[in-house]
Amino acid sequence: MARIERRPTGRPSPERSPTEIPPALSESLEDYLEVIRGLRAEGRVARVRDIAARKGVRMPSVASAMKRLADEGLVDYRTREYVDLTPEGEQAAERVAQRHAFLKRFLREVLLVSPATAERDACALEHSLSPETLDRIAGFYQYIKGCPRGVGRDIVGEFRDCCASGETGPAGECHHGQARGPGAAVADYPCGRSVVELREGEGGRISRLRAVPEIRRRLVELGLLPGTRVELEGVAPLGDPVRLRLRGCRLCLRREEAEGIFVENEADGGLDGPAGGGAARL
Amino acid sequence: MRLRLCSRSRPRPVSPAVRVALAGNPNSGKTSVLNALTGLRHRVGNYPGVTVDVREGSYEFNGRLYEVVDLPGTYSLEAPRSEDERLARNYLLHRSPDVVVNVLDLGNLARHLALTLELLERGFRLVVVLNFADEARRSGMAPDPQALSEALGGVSVVVTEGHRGVGAAQLKAAIASAAAAGDIAAAARPAAGAAAGAATRDDTEAELVRRLARARLIAALTLGSEATDPAGPERETLSDRIDRVVAHRVWGLFFFAAAMYGVFWVTFAAGEPLAAGIEAGIAALAAAVGNLWPEATAPLLRSLLLEGVLGGVGSVLVFLPNIVLLFLGVSLLEDSGYMARAAFLVDRLMRVVGLQGRSFVPMLVGLGCSVPGIMAARTLDNERDRLATMFVVPLVPCGARVPIFLLLIPAFLPQTLRAPALMGVYLLGLGLAAATARLLRLTALRGSAGVFLLELPPYRWPSLKVIAGQVWTRASLYLQKAATVILLFSIILWGLSTFPQKAEFTVDAPPAGGPAGGLDSVADPLTIARLRAAEALEYSFAGRLGRWLEPVFRPLGFDWRLNTALIGALAAKELFVSQLGIIHAVEAEDTDSLAEALRATYPPATGLAALVFTLIASPCVATLAVMRREAGRRRWAILQWVVLTLAGYLLAAATYQVAGLIGLGA
Ligand SMILES: Nc1nc2c(ncn2[C@@H]2O[C@H](COP(=O)(O)OP(=O)(O)OP(=O)(O)O)[C@@H](O)[C@H]2O)c(=O)[nH]1
Ligand SMILES: [Mg+2]
């Protein structure tokens, strides 16, 4: 059940891949399949009344949905009293369930999302993702789970350490990674360059702050908030420490700490273009 | 001190004193505001971390007494990183002042307001002070206190210029009405525990960010959005232009050397004529007293005055101009804003020895006096950095050692070598400080170094009033020291050098009748007096003690006279000079200056060894006491004394031996 029946990505897919649901089947119809399957798994007969109760809808809506599923040949609705899945319906429901389980697993194991959130988000995602994206996610999942040891790195493990330390980037030497951790509230795409890479006199807006928590807090207290403009004002003799200019204050800190302050080019941000620069105060 | 006594002796107002605390970000002008309110002259300086202690003052307003405490600067109450920040936080949370005066820098209002919001959230009764009004005006800002007051829910807002005391009267009125509101709402007053209870609340980064964002908004309301837009382009200020040269990656160190040399030059070269003047004055005074007071009446009292007081204290006071000028130099460094640049420039070098740029501030403060220097180490957020810094601060030659250098160097070295030798003493002190720090970091204080994070203030023209006040305070403290500790110990040392008195001398009294007929040249009455005085001195307690120490200090080339001077230096470094002055006054009735007498008595090698020994060995009692208090353990003070004294001894011995080899010996 763990594996998604997918061929390696990139190849032109056959008419209908195993995880794909017939395109005609809408989100709510998929949901009905799941509900029926759920009731059956509990050893109960899926009556229209039960389905309506579980889904929180009125019975006539259930009846019309059942009619449409019957037309697709997925359920047996002849009795108008209780519903049963046809063998095809059984298969389709199985695929829907598998997809849900996969997404949840992906959220849990790769993105390290908490169980409750993973459950909720998997429900939200399973119907809205296009087959193509789903396809890619499946491939990515296999790549991540299968590959990392091969290239000598446990990417998920590193990402977990990142999340644990409250940092927003991957650990190790890869400072320019695009991954975003739980600190995303104060970090934004794209990360840009670190302030120490700026030329003297060059400025940019802070896009991300990477530091151990106590120092991070002090940096924020000093006004190094994402969105704030900083300028590399100068460098001390022997190349360390550096002097930063913020609105309202100047700060000096060592390269070691300054490296974690990432800025975006002002041009990228588009707020202070050459025209905006003219707004300099008297 | 005088002022504090005054306020105590006034008839006490009937209602209980209002307790006011000054809180705010570092370098926002809290101490300046305190000084403006109370007329005191607590230390101010244009860099973060000047105040590291809870300092008090008081004033009366409308018949009510207000006790004001000045707190160290802090960025927030939640996450103090260093000792001084902890002090401020603990005072606010656990002593629950009646009114908190929150001092803000208008030049960085957006960030400083974050603390204001935190203080409001914790339920303190606030008065907000917008300081640096002059600078704001100059850069074209027009703060709207009304708007700020509204945004903060009716808190009263006062605009001030702390260094000149502008706005103090309004501030007093605002504090009074805040306090009165508190009296009315006494029932609703936050109990001592209330604020502390709020402190345990989890203050997350998200909350901090929210507060900062709100602070920006309020700052924009107060100043107009353009002035505070955090994403707007930077305006180049004069400070930026100065920094481009003075903190340059290449020229920076030259300027640093020049600044240090400047302090040095002012202290020694500019002070020389003044010192010579005072020396002449004291000599004239001594001569006048000696002439007016006949030798036969109350000879002991005469000796006490001439030899103990004028010889002992006088020989130290000679160097008062140099010390005052040194204080002036340090005050200029502190008030201009260069202090923080110095820390920035030397951080990389300090890192080599296991310290950091901020450790340099205590050392520069220690140029004046080691005691505030050691205390200034409180701003270091890493305990090991702090201990190592405190340990080496006494190696930076303090003001009290200036008289020693100024006595010994001209006494033993030719004119051309004097300036380099002085410089050498200071460099030797710094070098040893570096070496000791390195050694400590490799042994007792092993471990990772702290983070270097320092806010650079803008350069400011040191105001004449502030500088004069600072220098005057320090000079008067020094005079107080001369009038108390040094005088007292001078008298004690005089007593030790006079008693027990010797009645029988081996040198014969001059023959009563006519010039002696041919036995030897001892016949000269002056020489006889001198020899007898030496004999008497040797017979005294001090002489005996000095003799007893002779085997210990023989490798350094010291005789018993110098040994007695070293005993004095244990209490205060100046007493080394005092005691030499006393001995000189006791021994020689002629007008030779002390320096000339030293030159006649000792070879240069001994002089150099004494220089090295007094530079390094045995920090004074006050230094050891503050070290013990700041380190929290007696161990550290003892270790400091032992290590420095041992190092001083060994290096002085080496100096004596080497100097002897190159022909500077006897
Ligand atoms: N131009 C100007 N300078 C001021 C004003 N208020 C204070 N200063 C100067 O600013 C510097 C800092 O003042 P302090 O009173 O030492 O600041 P503080 O808040 O006590 O600083 P810490 O004790 O380090 O936290 C000093 O050099 C003062 O002379 C002002 O209103 N205008
Ligand atoms: Mg202060």
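Which residues, counting only those in segment B:85-102, are within 13 Å of ligand 1 (Cβ to nearest atom) and buried (at least 20 other Cβ atoms within 10 Å of the Cβ)? Answer for segment B:85-102, where residues must be within 13 Å of ligand 1 (Cβ to nearest atom) and buried (at least 20 other Cβ atoms within 10 Å of the Cβ): B:Glu85, B:Ala88, B:Val101, B:Asn102. Within segment B:228-236, at least one residue is modelled with pLDDT under 85, in contact with a strand residue (DSSP E or B) (Cβ under 6 Å, 6 or more places away or on another chain), surrounded by 13 or more Cβ atoms within 10 Å (Cβ to Cβ) and not aliphatic (A, V, I, L, M).
Of the candidates B:Leu65, B:Leu34, the single residue that is within 12 Å of ligand 1 (Cβ to nearest atom), over 30 Å from B:Val209 (Cα atoms), of a type outside the set (Gly, Ala, Ser) and in contact with a strand residue (DSSP E or B) (Cβ under 7 Å, 6 or more places away or on another chain) is B:Leu34.
Exactly one residue out of B:Arg460, B:Arg378 is in contact with a Ser or Thr (Cβ under 9 Å, 6 or more places away or on another chain) and assigned to a helix (DSSP H, G or I): that is B:Arg378. Pairs linking a residue in segment B:441-462 that is more than 28 Å from A:Glu221 (Cβ to Cβ) to a residue that is among the aliphatic types (A, V, I, L, M) and assigned to a loop (DSSP other than H, G, I, E, B), with Cβ atoms under 6 Å and 6 or more positions apart or on different chains, do not occur. Is it the case that B:Glu85 is among the acidic types (Asp, Glu) and within 18 Å of B:Glu455 (Cβ to Cβ)? Spelling it out, B:Glu85 is indeed among the acidic types (Asp, Glu) and within 18 Å of B:Glu455 (Cβ to Cβ). Within the bounds of segment B:64-73, is there any residue that is within 16 Å of ligand 2 (Cβ to nearest atom) and over 21 Å from the mean Cα position of the chain (by Cα)? The answer is yes; a qualifying residue exists. Only residues that are surrounded by fewer than 24 Cβ atoms within 10 Å (Cβ to Cβ), touching a residue at least 24 places away in the same chain (Cβ under 8 Å) and either aliphatic (A, V, I, L, M) or assigned to a loop (DSSP other than H, G, I, E, B) (or both) were counted across segment B:620-637, and they come to 5.
Criterion applied to B:Thr506, B:Thr443, B:Thr498 was being more than 14 Å from chain A (Cβ to nearest Cβ) and buried (at least 17 other Cβ atoms within 10 Å of the Cβ), and the one residue passing it is B:Thr498. Residues in segment B:155-167 that are part of a helix (DSSP H, G or I) and away from ligand 2 (no atom under 16 Å from the Cβ): B:Arg164 alone. Among the residues of segment B:33-56, write down those that are under 21 Å from B:His94 (Cβ atoms) and either within 14 Å of chain A (Cβ to nearest Cβ) or more than 12 Å from ligand 2 (Cβ to nearest atom) (or both). Passing the criteria: only B:Glu56.
Condition first: within 8 Å of chain B (Cβ to nearest Cβ), under 24 Å from B:Leu238 (Cα atoms) and at pLDDT below 85. Can you find one or more residues in segment A:214-226 that meet it? For segment A:214-226, residues within 8 Å of chain B (Cβ to nearest Cβ), under 24 Å from B:Leu238 (Cα atoms) and at pLDDT below 85: absent. The residues of segment B:255-297 that are of a type outside the set (A, V, I, L, M) and under 18 Å from B:Gly581 (Cβ atoms), listed by number, are B:Gly277, B:Glu279, B:Gly281, B:Gly290. Of all the criteria given as (1) in contact (Cβ under 8 Å) with a residue 40 or more places away in the chain; (2) away from ligand 2 (no atom under 16 Å from the Cβ); (3) not aliphatic (A, V, I, L, M), the one not satisfied by B:Asp84 is (2).
Taking segment B:126-148 as the range and being out of contact with any Leu (no Cβ under 9 Å at 6 or more places or on another chain) and either of a type in the set (Asp, Glu) or part of a strand (DSSP E or B) (or both) as the test, only B:Asp134 passes. Just checking, does segment B:103-125 include any residue being away from chain A (no Cβ under 14 Å), closer than 28 Å to B:Thr473 by Cα and crowded, with 22+ Cβ neighbours inside 10 Å? Yes, segment B:103-125 contains at least one residue that is away from chain A (no Cβ under 14 Å), closer than 28 Å to B:Thr473 by Cα and crowded, with 22+ Cβ neighbours inside 10 Å.
Would you say B:Ser28 is under 21 Å from B:His112 (Cα atoms) and within 13 Å of ligand 2 (Cβ to nearest atom)?
Considered against the rule, which asks whether it is under 21 Å from B:His112 (Cα atoms) and within 13 Å of ligand 2 (Cβ to nearest atom), B:Ser28 comes out as yes.
Report whether or not B:Pro48 is away from ligand 1 (no atom under 12 Å from the Cβ) and not acidic (Asp, Glu). No, not satisfied. Against the test of being modelled with pLDDT of 85 or more and either loosely packed, with under 14 Cβ neighbours inside 10 Å or among the hydrophobic types (A, V, I, L, M, F, W, C) (or both), the options B:Leu580, B:Leu570, B:Leu531, B:Leu526 yield a single qualifying residue, B:Leu580.
The values are calculated or read from the model by the stated rules, or taken from the named source; none is laboratory data. Model, not experiment: these values are computed from the prediction. So basically every Cβ, Gly included, is an ideal-geometry build from the backbone, and we count neighbours across all protein chains shown.
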